[in-house]
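Read the figures in this text as sums done on the coordinates, not as results from a lab. Just so you know, these numbers come straight off a predicted model, no measurement behind them. Here Cβ is always computed from backbone atoms with ideal geometry, including for glycine, and neighbour counts include all displayed protein chains.
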Amino acid sequence: MELLVASAIGILTAAGIYLVLRLRSFPVIIGMSLLTYAVNVFLFASGRLTVGAPPILSDAASYTDPLPQALVLTAIVISFGMTAVVVMIALGAYLGADDDHVDDQAPPEANLKAEDAT
């Protein structure tokens, strides 16, 4: 079970970093979401990976820690709200400039037009 969760965290992290390094805004947003999911799974796994154990400290022989579960639930809600805000900012930038590049450099054809004008 630990190998499966560790592999899932690694795959989510690798895919998220790959998408964050893209030059378009919407793959960057998806990459940040994948990185958020990877961190959430990591936090959730830090509370012990036990099947069928109660999430409370009682007379049970094994239990899971409820604090990481509460942290992950809060992080899911916050990341959903922040993703909605970032999508709206990226959509506004795309509609305003007709381009969704993340970098702030002008495209090569704009440089050529500026040189021809002088």
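Taking the Cβ of PHE44 as the center, what net charge do the other residues with Cβ under 15 Å away carry, scoring Lys and Arg +1 and Asp and Glu -1?
On the way: positive: ARG48; negative: GLU2, ASP65.
So the surrounding residues net to -1.
Tell me, what HN-Hα J-couplings in whole Hz come from the Karplus equation 6.51 cos²θ - 1.76 cosθ + 1.60 at θ = phi - 60° for each residue of the range 11-22, using x for Gly and Pro?
Running phi through 6.51 cos²θ - 1.76 cosθ + 1.60 with θ = phi - 60° gives 5, 4, 5, 4, 5, x, 5, 4, 6, 5, 7, 6 Hz.
How far apart, in nm, are the 7 Å Cα→Cβ label points at VAL20 and ALA70?
It is 2.8 nm.
How many nm separate the modelled label positions at VAL86 and ASP100, each set 7 Å beyond the Cα in the direction of the Cβ?
In this crude spin-label approximation the distance works out to 1.4 nm.
Set the Förster radius R0 to 35 Å, insert the Cβ-Cβ distance between ALA6 and ALA93 as r into 1/(1 + (r/R0)^6), and round the FRET efficiency to 0.05. Write down the numbers at each step before the final one.
On the way: r = 37 Å, r/R0 = 1.05.
Plugging the Cβ-Cβ distance into 1/(1 + (r/R0)^6) gives 0.45.
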